[in-house]
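**Student:** This is the structure I have questions about; it appears just below.
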Amino acid sequence: MTLFAGCSFLADTSDEDRLQNLYRQRVANSPLVIYDFSFAGGFVTSSDHTGFAILDSTVSFSKDKMNELPCTYFAAVPTNTVFEMIDINYGQNPRTEKDTLLTPTNHYSKKVGNLQINVSEYKDTYGSATSSTGLMEYEFDIMRETSDSLTFYNVTKKFGGKEFPATTSFVKGNIKVVDSTEGSINYIDVDQVIIKRGDTYKPTKPLELVSNQPIVDMATYRFYPRKAIKTATLTDYGIFKRMK
């Protein structure tokens, strides 16, 4: 399989020195592995390099073999033949109210061996969404995994604007398990693209909520287990788990 050309990195330190976090999820019925990576900035630049990459499961992750994906959100469960992805272009300048659309501004595709990667691009919210996006926190008792989803039970809200039913399910693809070195789940993050109309603080009215405005942004739902749950309870098919 031929994959993307490797990304360019500064060669001021070794991979081991620069790699901060590495998570992976496997793709069902496929030799592909998707990595969620974070490299620390080097001597020349202080900016961290984060993103998603794909590799064959027989190849160990390293910067010279890494094949970066164009964005970091899956619109559907990744399969062995197609990745449907969404990319939000943040902070486009100059910005006006008309820049935020609830429909894609662009579509493009890349063919990588037998894998088709389809990307839909959007422009982000003109202003600040208040209760629909950003980090929100919840607690749960137990969870159940199926081939395509993860379900939380006895969910209650700790912080944030969105309420969930006591039993709440999410499609796999954008789920990450953050655990301890002892292998217990600290929390589970579920990312979701929000594309709708709602209340925002506009740059022209930063202290006034304006209703019925277009919102295109990300929400992260963070679920904390009330009791200790081992990371090994979950597979890494469609779920990002930390590489040891």
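**Student:** List the residues whose amide H sits under 5 Å from the amide H of SER38, counting only those 5 or more places along or on another chain, with H placed 1.01 Å from N in the peptide plane.
**Tutor:** Amide H to amide H, under 5 Å and 5 or more residues apart or across chains, SER38 pairs with GLN20, ASN21.
**Student:** Checking a compactness column here: for region 186-244, what do you get for Rg(Cα) / (2.2 N^0.38 Å), N being the number of residues?
**Tutor:** Details: Rg = 17.7 Å, N = 59, 2.2 N^0.38 = 10.4 Å.
Cα Rg divided by the expected 2.2 N^0.38 Å: 1.70.
**Student:** Just for the chain, what percent of DSSP beta bridges are antiparallel, to the closest 5?
**Tutor:** 75 percent
**Student:** How much accessible surface does ARG95 have with a 1.4 Å probe, in Å² rounded to 10?
**Tutor:** ARG95 has an accessible surface of roughly 50 Å² with all protein chains in place.
**Student:** While we're looking at this one, here's another question. What ranking do 101-108, 173-180, 20-27 get when scored by the average of other Cβ atoms within 10 Å per residue, highest first? Could you put the intermediate results ahead of the total?
**Tutor:** Numbers: 101-108: 11.5, 173-180: 19.8, 20-27: 18.0.
Ranked by mean Cβ neighbours within 10 Å, highest first: 173-180, 20-27, 101-108.
**Student:** Here is a follow-up. From the helices alone, meaning DSSP H stretches of at least four residues, give me the mean residue ellipticity at 222 nm for the chain, per-run term -39500 (n - 2.57), in deg cm²/dmol to the nearest 500. Please list the in-between numbers first.
**Tutor:** Values: 1 runs with 4 residues, N = 244.
Only helices count here, giving 0 deg cm²/dmol.
**Student:** Oh, and also: Using the 2.2 N^0.38 Å rule of thumb for compact globular proteins, work out how region 56-207 stacks up: its C-alpha Rg over that value, please.
**Tutor:** 1.24
**Student:** Let me ask something else. When only C-alpha pairs under 8 Å and at least 6 residues apart count, what is the relative contact order of the chain, in percent?
**Tutor:** Averaging sequence separation for qualifying contacts and normalising by length gives 19 percent for the chain.
**Student:** Additional query: Please calculate how many Å² of accessible area the chain carries per residue, with a 1.4 Å probe and no DNA, RNA or ligand atoms counted.
**Tutor:** Heavy-atom SASA per residue in the chain reads 52 Å².
The values are calculated or read from the model by the stated rules, or taken from the named source; none is laboratory data. Just so it is clear, the model here is predicted, and its values are computed rather than measured. Every residue, glycine among them, receives a Cβ derived from its backbone with ideal geometry; neighbour counts consider all protein chains shown. Side chains included, ligands, DNA and RNA excluded: accessible areas come from the protein's heavy atoms. Shrake-Rupley method; radii C 1.70, N 1.55, O 1.52, S 1.80 Å.
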